[in-house]
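A quick write-up on the structure given underneath.
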Amino acid sequence: SYIQNKCPIVFSSYDSLNDWKRFYPEAVDIKTFVLHFSVTHPDFSHIEISILKKRFGISRDYMLCANQFWKHKNHLFLFKAYHIAKQKGFNKQLVCTGNLTDYRNPEYIKDIRNFITDYHLEKDILLLGFIGREEQLCLMKHSYALVQPSLFEGWSTVVEDAKCLNKFIFL
């Protein structure tokens, strides 16, 4: 274990470091560091957004949520908020990328799909699953905005992607 071996630990944010201190108060002798990160993007200029939109069924302006479908990423909350906004006239699609399974909560994706079906949002909320990084970046670049509803670790690669692409992001 890190604590027993007194291995130094690097965190991506002070929030994560504070969680470490709260959950492992006995680890006061462990050296910790906060190292903020940034991203660099591969060239994705060869990808045509019109082809991606057609392939994925994106038919109007859209917001993008690029997260694994893990329960703490909070998709269900996002979809409930989207439903309320749609009832008030919001007309953008919500496109979601990321692995559709959570081994810790295997029923979660069923809850998500049931919500989408129950509220007739199949043409509004698109679950693309895991797609290639260059395709994801192209979708990000052409989106109205990015959405990051996570309950935890809100500072992530997606936030850095938004900064790099000069996109608005709702956290």
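The values are calculated or read from the model by the stated rules, or taken from the named source; none is laboratory data. Predicted model, so just to flag it, every value in this text is computed and none were measured. Ideal geometry is used to build each Cβ from the backbone, glycine not excepted, and the neighbour counts take in all protein chains shown. When the accessible area is computed, the model is the full protein with side chains, heavy atoms only, and any ligands, DNA or RNA have been set aside. Shrake-Rupley method; radii C 1.70, N 1.55, O 1.52, S 1.80 Å.
Charge dipole of segment 104-171 (Cα centre as origin; +1 on each Lys and Arg Cβ, -1 on each Asp and Glu Cβ, all else neutral): 120 debye, rounded to the nearest 20. Farthest toward the positive end of the dipole of the chain, out of 76, 9, 40, is the Cα of 76, where the dipole comes from beta carbon charges about the Cα centre. Within the straight-line cut-off of under 19 Å between alpha carbons, the aspartates and glutamates reachable from residue 73 are 15, 19, 102, 107, 111, 153, 160, 161, sequence neighbours fewer than 8 places apart in one chain being disregarded.
Annotation: amide H of residue 169 within the under-5 Å range of 146, sequence separation 5 or more or interchain, hydrogens built in the peptide plane. The local environment of residue 41, defined by Cβ-Cβ distances under 13 Å, has a net charge of -1 under the rule Lys, Arg +1 and Asp, Glu -1.
Tell me the mean residue ellipticity at 222 nm calculated for the chain from its helices only (DSSP H runs of n ≥ 4, each -39500 (n - 2.57), averaged over every residue, nearest 500). Mind dumping the intermediate values first?
On the way: 7 runs with 64 residues, N = 171.
Calculated mean residue ellipticity at 222 nm is -10500 deg cm²/dmol.
Distant-in-sequence amide contacts of residue 66, defined by a placed amide H-H separation under 5 Å and a gap of 5 or more residues or a different chain, comprise 97, 147. Of the Cα atoms belonging to segment 14-64, the radius of gyration and Dmax stand at 21.1, 55 Å. For the chain, the solvent-accessible area with a 1.4 angstrom probe is 61 square angstrom per residue. Taking the C-alpha atoms only, the angle from helix 14-23 to the longest principal axis of the chain is near 60 degrees. Angle of helix 75-87 to the longest C-alpha principal axis of the chain, folded into 0 to 90 degrees and rounded to 10: 40°. From the alpha carbon centroid of segment 76-127 to that of segment 1-33 is 35 Å. Relative contact order of the chain: 26 percent, from C-alpha pairs under 8 Å at least 6 residues apart in sequence. Taking a ≥ b ≥ c as the square roots of the eigenvalues of the Cα gyration tensor, an a/c ratio of 1.5 or more together with a/b no larger than b/c marks segment 76-171 as oblate. Amide H contacts under 5 Å for residue 11: 33, 34, 35, restricted to partners 5 or more places along the chain or on a different chain, H placed in the peptide plane at 1.01 Å from N. Couplings 3J(HN,Hα) of segment 109-124, computed from phi: 5, 5, 4, 5, 4, 4, 4, 4, 5, 4, 9, 6, 10, 4, 8, 9 Hz, in residue order, whole Hz [Karplus 6.51 cos²θ - 1.76 cosθ + 1.60, θ = phi - 60°; x for Gly and Pro]. Residue 60 exposes around 50 Å² of accessible area when a 1.4 Å probe is run over every protein chain in place. Dimensions of the chain based on its C-alpha atoms, expressed as ranges along the principal axes with the largest first, amount to 55, 38, 27 Å.
Using a cut-off of 32 Å between Cα atoms, the listed pairs 21/88; 80/167; 6/141; 31/167; 21/92; 88/163 include 21/88; 6/141; 31/167; 21/92 as exceeding that distance.
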